[in-house]
Amino acid sequence: MRKFFMVAMILVAALMIAQVIELRWTGWGGGEEDIKHANAKMAAFQAKYPNIKIVPEVYPENYTQALLASIAAGNPPDVFLLDAPYMPTFTERGVPLNIRPYLRILGVNIEEYYPNVLEIFTSPDGKLFGLPKGFTPMVVYYNKKLLKQAGLPEPSDDWTWNDFLKMAQAMTKDFDGDGKIDQYGAHVGRLFYQLCPMIWSYGGEIISPDYKTVSGYLNSPQTIEAVQFFVDLIKKYKVAPEPDVISAFGGLGNMLYTNRIGFYVSGHWSLFGMRKYIEEGTLEIGVVRLPKGPYAKSSQTVIYATAWSVMSTTKHPREALQFVAWLSGAEGQKREVLEARIELSGHIPTNELLVAQDKWGVEKKFVEIVPTARLPIGCRVVDWYKAEDIFAQAIDKILSLNTPVKEALDWAVKEIEAKVFGR
């Protein structure tokens with residue numbers, strides 16, 4: 001009888017080992033390169049964990065809405081991509097699992113990750129809701145060819161917005177004398193994620209330090225002056241193109257890749273599109289910190305990041321945690337960052353490899369900026385995406401309807417206070 005019991009236990013154990021667990025894994029993407037890298041990651045993980053089958057679910061558009069719909073329908077994925085601006089929106093609803101208690105069991109050395117990147121996905125009470133997929137600080141790309149042609153030196157980390165303006169003016173050209181600008185010294189984005197770090201670096205603010213109000217911050221004299229400066233780059237100084245001009249040139253990407261833009265504020269993702277032209281030798285770029293404004297003690301920027309998270313309702317928490325730890329660790333990040341090269345890695349050793357392999361010398365500058373970059377507001381304020389939409393509307397009022405900057409920002413403050421903070 002005892003022998004039979006032991007054999008039965010061995011058989012049960014064997015069946016448990018042989019059992020294959022299916023994990024549904026979701027994120028955004030859908031392009032050919034996205035699918036290629038996703039398949040490579042799945043194959044590498046499943047080679048190490050053959051008892052875990054990864055079932056990908058990729059949304060090319062409206063990712064967050066699709067994810068929320070799957071949760072509402074009671075059919076959420078096991079592992080999902082958590083975007084920083086939606087962090088509190090999900091955590092307030094109890095969607096992601098707190099993974100901090102499992103880090104030691106998983107063999108995750110938290111010291112190998114950038115503290116301020118982890119902080120984005122950490123709640124005020126210390127719960128950790130994800131490990132980084134990738135991230136970027138916002139920087140200024142500069143076109144070395146256009147600077148040389150204008151007889152200008154490359155910008156340094158101690159430059160100012162006044163330096164930015166003067167250099168952009170020198171790079172703005174009407175080559176054929178027809179009254180239409182053929183080459184612009186800069187591009188100024190209209191969306192919140194683009195203007196927020198620029199306002200900070202100028203010396204303005206968006207929200208109070210306790211994240212409770214935008215009144216007196218988004219419409220402060222310093223922020224009004226900052227927004228006016230960026231509007232003037234387009235309207236007054238004409239060193240940055242209007243949207244219709246960008247369309248006439250075949251889009252912003254075409255302008256960048258054909259040496260029509262001198263300065264461009266963006267994140268690491270833009271380097272992905274530039275890479276082909278850099279390798280061909282038709283584009284030569286550098287990276288520098290955002291300039292410092294009259295009300296800022298130093299240059300300011302922001303980190304935009306995503307993390308892999310485990311759904312709190314998953315039926316397979318152990319396997320889901322293993323997958324998240326692998327995706328964000330050395331093996332997963334090798335494929336995410338060193339091969340795809342869209343983002344920086346939150347995993348410090350992987351970024352060190354990225355810098356060592358970089359033949360253009362730009363990755364080192366990105367990494368140098370990381371320690372001083374600020375958290376995105378959206379990771380601390382529930383439904384902040386509503387505020388970002390309102391801010392974009394305010395900028396449209398300024399640029400398209402010639403609404404005074406103060407009037408537009410005062411309007412935005414009232415709308416955000418009502419629709420985000422409920423006042």
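Some notes on this structure:
- Any hit, the range 132-144, residues being without any contact (Cβ under 8 Å) to a residue 40 or more places away in the chain and of a type outside the set (Phe, Trp, Tyr): no
- Ile303 crowded, with 20+ Cβ neighbours inside 10 Å and either of a type outside the set (Ser, Thr, Tyr) or in a strand (DSSP E or B) (or both): yes
- Filtered residues of the range 75-94 (kept if surrounded by fewer than 17 Cβ atoms within 10 Å (Cβ to Cβ) and farther than 24 Å from Gln19 by Cβ): Glu92, Arg93, Gly94
- Flag for Leu218 being aliphatic (A, V, I, L, M) and assigned to a loop (DSSP other than H, G, I, E, B): yes
- Within the range 170-196, the only residue that satisfies the criterion of being modelled with pLDDT of 95 or more, over 23 Å from the mean Cα position of the chain (by Cα) and over 21 Å from Gly253 (Cα atoms) is Ala170.
- Residue list for the range 264-277, filter: open to solvent by 20 Å² or more (accessible area, probe 1.4 Å) and either touching a helix residue (DSSP H, G or I) at 6+ places or on another chain (Cβ under 7 Å) or modelled with pLDDT of 95 or more (or both): Tyr264, Gly273, Tyr277
- In summary, Phe366 fulfils each of the numbered conditions (1) in contact (Cβ under 8 Å) with a residue 24 or more places away in the chain; (2) of a type in the set (A, V, I, L, M, F, W, C); (3) part of a helix (DSSP H, G or I); (4) open to solvent by 20 Å² or more (accessible area, probe 1.4 Å) with the single exception of condition (4).
- The single condition among (1) at pLDDT below 95; (2) closer than 29 Å to Gly286 by Cα; (3) of a type outside the set (D, E, K, R); (4) open to solvent by 10 Å² or more (accessible area, probe 1.4 Å) that Leu375 does not meet is (1).
- Among the candidates Pro294, Pro241, the residue that is at pLDDT 95 or above, in contact with a Lys or Arg (Cβ under 9 Å, 6 or more places away or on another chain) and part of a loop (DSSP other than H, G, I, E, B) is uniquely Pro241.
- If you filter the range 44-62 down to residues that are modelled with pLDDT of 85 or more and not aliphatic (A, V, I, L, M), you find that the one that is surrounded by the most Cβ atoms within 10 Å (Cβ to Cβ) is Phe45.
- Flag for Ser201 being among the small types (Gly, Ala, Ser), within 18 Å of Lys144 (Cβ to Cβ) and open to solvent by less than 20 Å² (accessible area, probe 1.4 Å): no
- Failed item, numbered, when Val214 is tested on (1) more than 23 Å from Val288 (Cβ to Cβ); (2) open to solvent by 20 Å² or more (accessible area, probe 1.4 Å): (2)
Residue by residue, here is whether (1) crowded, with 18+ Cβ neighbours inside 10 Å; (2) closer than 16 Å to Ile395 by Cβ holds:
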residue: Ile207; (1), (2): yes, no
residue: Asp210; (1), (2): no, no
residue: Asn219; (1), (2): yes, yes
residue: Thr223; (1), (2): yes, yes
residue: Tyr237; (1), (2): no, no
residue: Ala240; (1), (2): yes, yes
residue: Pro243; (1), (2): no, yes
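- Here Arg341 meets each of (1) open to solvent by less than 10 Å² (accessible area, probe 1.4 Å); (2) assigned to a loop (DSSP other than H, G, I, E, B) with one exception, condition (1).
- Residue in the range 144-165 that is under 19 Å from Thr372 (Cβ atoms), part of a strand (DSSP E or B) and not hydrophobic (A, V, I, L, M, F, W, C) present: yes
- Unmet criterion (only one of (1) in contact with a Cys (Cβ under 9 Å, 6 or more places away or on another chain); (2) among the β-branched types (Val, Ile, Thr); (3) free of Cβ contacts under 8 Å to residues at least 12 places away in the same chain) for Ile110: (1)
- Residues in the range 344-401 that are more than 16 Å from Val288 (Cβ to Cβ) and of a type in the set (Gly, Ala, Ser) were compared, and the one that is farthest from the chain's Cα centre (by Cα) is Ser400.
- Residue satisfying all of: in the range 390-407; without any contact (Cβ under 8 Å) to a residue 60 or more places away in the chain and not in a loop (DSSP other than H, G, I, E, B); surrounded by the fewest Cβ atoms within 10 Å (Cβ to Cβ) among these: Leu401
- Filter result for Lys359 (open to solvent by 10 Å² or more (accessible area, probe 1.4 Å), in a helix (DSSP H, G or I) and not aromatic (Phe, Trp, Tyr)): no
- Number of residues in the range 320-337 that are open to solvent by 20 Å² or more (accessible area, probe 1.4 Å) and either closer than 13 Å to Gln46 by Cα or of a type in the set (Gly, Ala, Ser) (or both): the value is 3.
- Subset of the range 148-172 [surrounded by fewer than 17 Cβ atoms within 10 Å (Cβ to Cβ), in contact (Cβ under 8 Å) with a residue 60 or more places away in the chain and touching a Leu at 6+ places or on another chain (Cβ under 8 Å)]: Glu154
The values are calculated or read from the model by the stated rules, or taken from the named source; none is laboratory data. What you are looking at is a predicted structure, and each value in this text was computed from that prediction instead of being measured. All Cβ positions, glycine included, derive from the backbone under ideal geometry; neighbour counts span all protein chains shown. Surface areas here come from the heavy atoms of the whole protein model, side chains and all, with no ligands, DNA or RNA. Shrake-Rupley method; radii C 1.70, N 1.55, O 1.52, S 1.80 Å.
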